[in-house]
């Protein structure tokens, strides 16, 4: 394999770079380099939590320091982040992993509200805290995020989940990079957070579509199969 592109991994709401560790090990075995991002205030980041634009600026700043072409992967809310990035010159492809794809001027929550009621994401997942942040409801998150995962990795993941600023979902985008860059959508057929019918509606915006029969978090329950989908995108 000669000079594969760097796969840059952008996590979704409540998660952080840790969620990609098993996938990165699988990509390493395939000779594909990857870099997982901690959005501001998540995981090991010491920066304050940001809104959607601040999250996108953080990813853009990282891309500015990368001197090679990248495949930029956004999971769930991370799809809104990669759509909003201002640095695009070295992005060879956007990958939306069961992800949101808001249009220019649309917020993530508005896009969710536009989905048919029968395909709306699972209810009761977001809990508003006294400090104004949102948290993932621990009673609902296992079914929403990890419904095909084994119990041990579910417990480990739940213990790491971070709160999230409500502004990340309510702030309208000013860009829609999927309109101008090559893009791929990865459908997760057992997803309960963004059900398949909703994913299919979003995937219509992409030039290619791939499928994996997992829940919302294939990087936890099937990192080997997810790596098999991503690795060719780094070398095509």
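For 66, 81, 95, what ranking results if the residue with the fewest other Cβ atoms within 10 Å of its Cβ goes first?
66, 95, 81
Can you sort 206, 19 by how many other beta carbons sit within 10 Å, fewest first?
Details: 206 19, 19 22.
Neighbour counts put them in this order, fewest first: 206, 19.
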| So what does log10 I(q)/I(0) come out to for the chain at q = 0.10, 0.18 Å⁻¹, using the Debye formula with one equal point on every Cα and no solvent? | -0.40, -1.52
| query | Relative contact order (percent) for the chain, with alpha-carbon contacts under 8 angstrom and 6 or more residues of separation? | reply | 24 percent
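Write down, largest first, the equivalent ellipsoid semi-axes of segment 10-111 in whole Å, where each equals the square root of 5 times an eigenvalue of the alpha-carbon gyration tensor. Display every interim value, and only then the final one.
Numbers: eigenvalues 83, 49, 40 Å².
Value: 20, 16, 14 Å, ordered largest first.
Please report 60, 208, 34 as a ranked list, fewest other C-beta atoms within 10 angstrom at the top and most at the bottom. Can you show the working numbers first?
Working: 60 16, 208 13, 34 25.
Going from sparsest to densest Cβ surroundings: 208, 60, 34.
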| field | Estimated D of segment 79-118 in µm² per second, where Rh is the Kirkwood radius over Cα pairs and Stokes-Einstein applies at 25 °C, 0.890 mPa s | value | 216 µm²/s
| said: For q values of 0.21, 0.23, 0.29 Å⁻¹, compute log₁₀ I(q)/I(0) with the Debye formula on a Cα-only model of segment 136-202, without solvent. | reply: -1.09, -1.12, -1.18
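Here, each number is a calculation from the coordinates, and none is a lab measurement. From a predicted model like this one, the values you see are computed outputs, not experimental measurements. FYI the Cβ positions are ideal-geometry reconstructions off the backbone, even for glycines, and counts take in every protein chain you see.
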